[in-house]
1. Search segment 222-276 for residues being basic (Lys, Arg) and assigned to a helix (DSSP H, G or I), and hand back the single one that is nearest to GLY296 (Cα to Cα).
2. Restricting to segment 192-214, give me the number of residues that are in a helix (DSSP H, G or I) and in contact (Cβ under 8 Å) with a residue 60 or more places away in the chain.
3. Go through ARG354, ARG343, ARG367 for me and flag whichever is basic (Lys, Arg) and either at pLDDT 90 or above or over 19 Å from ARG209 (Cα atoms) (or both).
4. Being crowded, with 20+ Cβ neighbours inside 10 Å and farther than 16 Å from VAL388 by Cβ is the filter here, so list the residues in segment 353-377 that pass it.
5. Name the pairs whose Cβ atoms lie under 6 Å apart, with the first residue in segment 273-288 and closer than 13 Å to ASP244 by Cα, the second modelled with pLDDT of 65 or more and of a type in the set (Val, Ile, Thr), and 6 or more positions between them or separate chains?
6. Return the only residue of VAL333, VAL314, VAL298 being more than 21 Å from ARG279 (Cα to Cα) and touching a strand residue (DSSP E or B) at 6+ places or on another chain (Cβ under 6 Å).
7. Of all the residues that make up segment 321-358, how many are within 18 Å of ALA374 (Cα to Cα) and small (Gly, Ala, Ser)?
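The values are calculated or read from the model by the stated rules, or taken from the named source; none is laboratory data. Source: prediction; values computed, not measured. Ideal geometry is used to build each Cβ from the backbone, glycine not excepted, and the neighbour counts take in all protein chains shown.
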Amino acid sequence: MTVFVVFAALLLLAALVAILWPLLRTKGSEVTVERSDANLQVLRDQLAELDADLQNGTLSRQQYESARAEIERRVLDESQKGSVAGRGGQASRRWLAPVLIGVLLPVVSIVVYTRLGNIDGLDVEGYLQEQAHNITGEDVERMIRQLEQHLEENPDDVEGWAMLGRSRWVMQQFNASAQAWQRAAELQPNDADVLTNYAEAVAMTAQGRLEGEPARLLERALKTDPAHPKALALSGSAAFARNDYSAAIGYWEKLLAISSGDEQLSAALETGIAEAKSRLAQRSEGEVPGPDSLTGDVILSPELSQSVDPDDVVFIFARAATGPGMPLAVARVKVDELPYQFRLDDSMAMMPERKISDFEQLVVGARVSKSGGATRASGDLEGYSATVAAGASDVRVVIDQRVP
């Protein structure tokens, strides 16, 4: 609305200048009148001198008549100029006209618009909000289909794929969103925004879990932009979920330093950092775990140390000693963090109805995934603890076997 008012005011000012400028140009006419009067006085003096010369016999009658005719002609010309200029001077004294026009034109324009125009049309923000409320899910789907058709014809449009990824996310169609972001990441593999949104979409297809592919995408994003806010936030959450509280604190403190202007975000980060520090302190003090948790160490056998890379993913999990081998709780770290002090508890349960505290006898396992996936595969390295009771501490897991 402000832009419209400014633009309208400029147009009104231009109209006033165009109308009033001719009415206000009076100075030139006044100068013309003064010059014409002076010329007439000179010509009158010349006529008087001419009469004196005739009486003195200086001029003959013929010369006198000829000179007088010329002077009279010039007097007539100057008289006509003075008449025209006089009318201009008279008009210049009519100052009331420009004043009335200058005052009444904007007033009348505003009054007429408010009476006959649509003043609600000036509320652009209100109009957009009203239009947004009128958009239905069918309208959104139609626009998304149009976007998809555009991308079929223009498959290299990175912004189009990103828009599709965001649109599918809003519609909570996370698989479709992840596919769109994957295409955008293929076109721009070093774009931190694209990689972070891709990681988030993939995580949502797995009920919000950031282990595996989402974590690797976040690592790539932070290599491209170490200060990317969303990548730092999600990486901190992923580290906290795998009980790597030191890493979580590092990510969140870095984000806190660049988010001082956002009070709500800063408050949430401070709460998360405080909780991570509290859990880290409890671990360092050798807190005795309750019946809903297990603590211990995971180490890698020296014989297999040459078979891994520092960035290989390590899954640490607890499962029931008997029955289905489905993990009850899982943490995710990397090889370069080994040996690693772990803590698994009910808050990390894969399913609410199957928790560590629901079983008396448990086994803790650790597996180096060469593919980065959670599924056990040939070539992975693994190891298991002895059978322990819920609430056990100092559980020891040695990764010393290769999956055939």
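1. Taking the candidates together, the pick is LYS254.
2. Here the count works out to 1.
3. On the way: ARG354 fails: either at pLDDT 90 or above or over 19 Å from ARG209 (Cα atoms) (or both); ARG343 fails: either at pLDDT 90 or above or over 19 Å from ARG209 (Cα atoms) (or both).
Among ARG354, ARG343, ARG367, only ARG367 is basic (Lys, Arg) and either at pLDDT 90 or above or over 19 Å from ARG209 (Cα atoms) (or both).
4. ARG367, VAL368, SER369
5. ILE273/ILE249; ALA276/ILE249
6. Details: VAL333 fails: more than 21 Å from ARG279 (Cα to Cα); VAL298 fails: more than 21 Å from ARG279 (Cα to Cα).
Criteria check complete, one pass: VAL314.
7. The qualifying residues number 4.
Here's the yes/no breakdown for (1) without any contact (Cβ under 8 Å) to a residue 60 or more places away in the chain; (2) among the charged types (D, E, K, R); (3) touching a helix residue (DSSP H, G or I) at 6+ places or on another chain (Cβ under 9 Å):
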residue: GLU138; (1), (2), (3): yes, yes, no
residue: GLN149; (1), (2), (3): yes, no, no
residue: ASP157; (1), (2), (3): yes, yes, yes
residue: SER167; (1), (2), (3): yes, no, yes
residue: MET171; (1), (2), (3): yes, no, yes
residue: ALA178; (1), (2), (3): yes, no, yes
residue: ASN190; (1), (2), (3): yes, no, yes
